[in-house]
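Asks: A single structure is presented below for examination.
The values are calculated or read from the model by the stated rules, or taken from the named source; none is laboratory data. What you see is a predicted model, and the numbers here were worked out from it, not measured in a lab. Positions of Cβ are backbone-derived with ideal geometry, glycine not excepted, and every protein chain shown enters the neighbour counts.
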There are 2 protein chains.
Amino acid sequence: MIANEKHSQLKAYYQSLMPDLTEEGWAICESKLTVRKFKKGAMIVKEGEICKHVSFVNFGLVRMYHLVDGKEKIVMFCNENNYTADYRSFLMQEPALTYLQAIEDTEIVDTSFAGLQEIYQRVPEANFLGRRIAEELFIDMCRRTTSDANETIDERYNNLIDQQPWLLQRVPQYMIASYLGITPQALSRIKRRIKTTSYQLAAVY
Amino acid sequence: MIANEKHSQLKAYYQSLMPDLTEEGWAICESKLTVRKFKKGAMIVKEGEICKHVSFVNFGLVRMYHLVDGKEKIVMFCNENNYTADYRSFLMQEPALTYLQAIEDTEIVDTSFAGLQEIYQRVPEANFLGRRIAEELFIDMCRRTTSDANETIDERYNNLIDQQPWLLQRVPQYMIASYLGITPQALSRIKRRIKTTSYQLAAVY
DNA sequence: CGATTTTTTGAATCATATCAACGTACGTGG
DNA sequence: CCACGTACGTTGATATGATTCAAAAAATCG
């Protein structure tokens, strides 16, 4: 079925977190899903709106950012096979403090707040899933905070090169800079510094 | 009963999050609880150890901090009627990246990792609780991140005065500075700046 | 190819860190 | 009760690193 096709990635994701999800359980979940597409640059959530869905990214790339004094500060990027949302806004059903924007052509699978509550009620395993998603998000945030606290900017940029090299391919540098919490100029200077440093290291051998 | 006495605050907390928790359910939870006391200055969790419990604070005050280049960076304070833990370490059963220290004489109620898994299995509502706790932690972390991203240090100090005035009473200034991510000297200067600014404002009236 | 966007570079400026010294408060032992 | 030591807070001088503003160079796209 075509409907199945659209949700196959999400089904795999569910099954990886809930190994004993039944077909009936999945059918209930699937009945609550809707698919949306966004062109590159389109806004998915705007500050002040309530974030009405949690959205699983089938393909594409989404950035989450704050707008402060007219300047963007990127909080995170979400690529395919991850959930994206202003999860705080979604959970509390309060206005979002952030923007979510597709920065590539993007397809997402939405679950509404009411739909998720129904899933929690009718599919007992799903509370486990909800717990695991919140825990994962929390752990990610810890990682980020720890890295901000413990690492120099040079180290954080190097880690990004190691751990998310695809970001450098898919995202302009000024967004990387924003994500690292510095200006594009500062990042440019860091790159130069790292390049010359690694030449110096190479010369030692 | 004396045992009940020690857990009464936690029971109230559970009931606030799980209104339909049965007495049987609570009894199962309670059978997994243990109480520990720490003198002011005692370490609850050290970096490199696995955080074996989530701990509900009956009374006292706990700080969570990183040690980086021999310097402490405080991440959060936990006072009575809150959970404290290196929750990342606890969830993943991996070595902690942080320290937890009692900075007042403190009494906590522990739930072990194994104990919590058993609670999740035997008390269905508890998955909901676990989800809510993870969600709460996540939301708190969002708040913190948002505030770090959007506010000047002056604003963050002012917000702290408004929102957690008890911290100023119970915690030395150099810890507040560490929590705000600045040196004690910088905080001292901020205080002076704010004082003179508010005099100037007062003079307008 | 030309137009626009993105990145790089330079110089001036600002904020905070750092180093060092001094002031203050508190508590303990003589 | 006072004197001293320790811990905490304040203040000043200097250094460091990032930001800002401005402009040139490079890359991208229609």
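Asks: Determine whether A:Ile28 is part of a helix (DSSP H, G or I) and either touching a Gly at 6+ places or on another chain (Cβ under 8 Å) or surrounded by 12 or more Cβ atoms within 10 Å (Cβ to Cβ) (or both).
Replies: When the stated conditions are applied, A:Ile28 passes them.
Asks: Related question: I'm told B:Met92 meets every condition in (1) facing chain A (nearest Cβ under 8 Å); (2) in contact with a Gly (Cβ under 9 Å, 6 or more places away or on another chain) except one. Can you identify the failing condition by its number?
Replies: (2)
Asks: Would you tally the residues in the stretch A:120-151 being within 16 Å of DNA strand D (Cβ to nearest atom) and crowded, with 16+ Cβ neighbours inside 10 Å?
Replies: Summing the residues that are within 16 Å of DNA strand D (Cβ to nearest atom) and crowded, with 16+ Cβ neighbours inside 10 Å in the stretch A:120-151 gives 2.
Asks: What are the residues in the stretch A:127-146 that are of a type in the set (D, E, K, R) and within 7 Å of chain B (Cβ to nearest Cβ), if any?
Replies: A:Arg131, A:Glu135
Asks: Report the residue count in the stretch A:152-179 for those that are within 24 Å of B:Val68 (Cα to Cα) and near DNA strand D (Cβ under 9 Å from one of its atoms).
Replies: 4
Asks: Condition first: crowded, with 17+ Cβ neighbours inside 10 Å, within 14 Å of chain A (Cβ to nearest Cβ), under 20 Å from B:Leu33 (Cβ atoms) and within 18 Å of the chain's Cα centre (by Cα). Can you find one or more residues in the stretch B:167-178 that meet it?
Replies: No, the stretch B:167-178 contains no residue that is crowded, with 17+ Cβ neighbours inside 10 Å, within 14 Å of chain A (Cβ to nearest Cβ), under 20 Å from B:Leu33 (Cβ atoms) and within 18 Å of the chain's Cα centre (by Cα).
Asks: Out of (1) more than 17 Å from the chain's Cα centre (by Cα); (2) within 14 Å of chain B (Cβ to nearest Cβ); (3) within 16 Å of DNA strand C (Cβ to nearest atom), the odd one out for A:Ile119 is which?
Replies: (3)
Asks: Checking B:Met1 against (1) under 22 Å from B:Tyr179 (Cβ atoms); (2) at pLDDT below 95, which single condition isn't satisfied?
Replies: (1)
Here's the yes/no breakdown for (1) within 16 Å of DNA strand D (Cβ to nearest atom); (2) at positive phi; (3) surrounded by fewer than 16 Cβ atoms within 10 Å (Cβ to Cβ):
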residue	(1), (2), (3)
B:Gly60	no, yes, no
B:Arg63	yes, no, no
B:Gly70	yes, yes, yes
B:Met76	no, no, no
B:Asn82	no, no, yes
B:Phe90	no, no, no
B:Ile103	yes, no, no
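Asks: Which of the numbered conditions does B:Pro19 fail, given that it passes all the others? Conditions: (1) closer than 25 Å to B:Arg88 by Cα; (2) part of a loop (DSSP other than H, G, I, E, B); (3) more than 19 Å from the chain's Cα centre (by Cα).
Replies: (1)
Asks: Sort through B:Asp110, B:Asp105 and tell me the only one that's in the same structural domain as B:Met76 (by TED's automatic domain parsing) and within 16 Å of DNA strand C (Cβ to nearest atom).
Replies: From the options B:Asp110, B:Asp105, the qualifying one is B:Asp105.
Asks: Hey, any hits in the stretch B:57-79 for a residue that's assigned by TED's automatic domain parsing to the domain that holds B:Leu116, within 23 Å of A:Glu136 (Cβ to Cβ), acidic (Asp, Glu) and part of a loop (DSSP other than H, G, I, E, B)?
Replies: No, because not a single residue in the stretch B:57-79 is assigned by TED's automatic domain parsing to the domain that holds B:Leu116, within 23 Å of A:Glu136 (Cβ to Cβ), acidic (Asp, Glu) and part of a loop (DSSP other than H, G, I, E, B).
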